[in-house]
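Nothing in this text is a laboratory measurement; each read-out follows from the coordinates by a stated rule. From a predicted model like this one, the values you see are computed outputs, not experimental measurements. Note that each Cβ is placed from the backbone with ideal geometry, even for glycine, and that neighbours are counted across all protein chains shown.
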Amino acid sequence: MQQTTVRNFEKVCEILERYEHNPAKLVPILQAVQAEYRYLPKEALAYVATSVGLPPSRVFGVATFYAHFALEPKGKYVIHVCDGTACHVKNSERLINAIRKKLGLSETKHTTDDLLFTLETVSCIGACGLAPVMMVNETVHGQMTSEACAAVIDAILEKEKEA
């Protein structure tokens, strides 16, 4: 575990160097750090603040202002279920409940303990004609049912066993 922490710390240093420790490039720096960790650890935020010469409160403020940034660990597979009008009318809530049940999640617990899955609801994916829609990382799955959601998750679990 120690080696992973050192590697990731080195990666944050590389990110800061790539952006020349420029405070005007804070958002892309945070995006790159989040891409490395899948969230923004508090320690990384403090280090970035010091490295670019900004108060930690300012960096934390930017990290909490933008919905794209996460301060809690996310799973390797982030499942977005659309709950926009078209998906809601086609019972997207049923999908959300089925995924929660399958993964042992709840309204307050969004990420599995093994950090494999995170479930989030979104207002729109932009695929209303395919409602109800679920997106796993960058892959859109349309006209979903509870059974189809379970099949997608099972396929991911199989792939992970083989890896």
Given the DSSP H assignment, sum -39500 (n - 2.57) over each helix run of at least 4 residues in the chain and divide by its residue total; what's the result at 222 nm in deg cm²/dmol, nearest 500?
-16000 deg cm²/dmol
Are there GluC sites (Glu not before Pro) in region 63-162 that DSSP puts in a loop and that have at most 16 other Cβ atoms within 10 Å, and which ones?
Glu107, Glu138
What's log10 of I(q)/I(0) for region 85-163 at q = 0.22, 0.23 Å⁻¹, Debye sum over Cα points only, no solvent?
-1.08, -1.17
In Hz, Karplus ³J(HN,Hα) per residue of region 68-78 (6.51, -1.76, 1.60; θ = phi - 60°; x = Gly, Pro):
5, 7, 10, 9, 10, x, 10, x, 4, 10, 9
How many percent of Cα pairs in the chain exceed 28 Å?
34
Set the Förster radius R0 to 22 Å, insert the Cβ-Cβ distance between Val140 and His88 as r into 1/(1 + (r/R0)^6), and round the FRET efficiency to 0.05.
0.80
When DSSP assigns beta bridges and you keep just the ones with both residues in the chain, what percent turn out antiparallel, to the nearest 5?
55
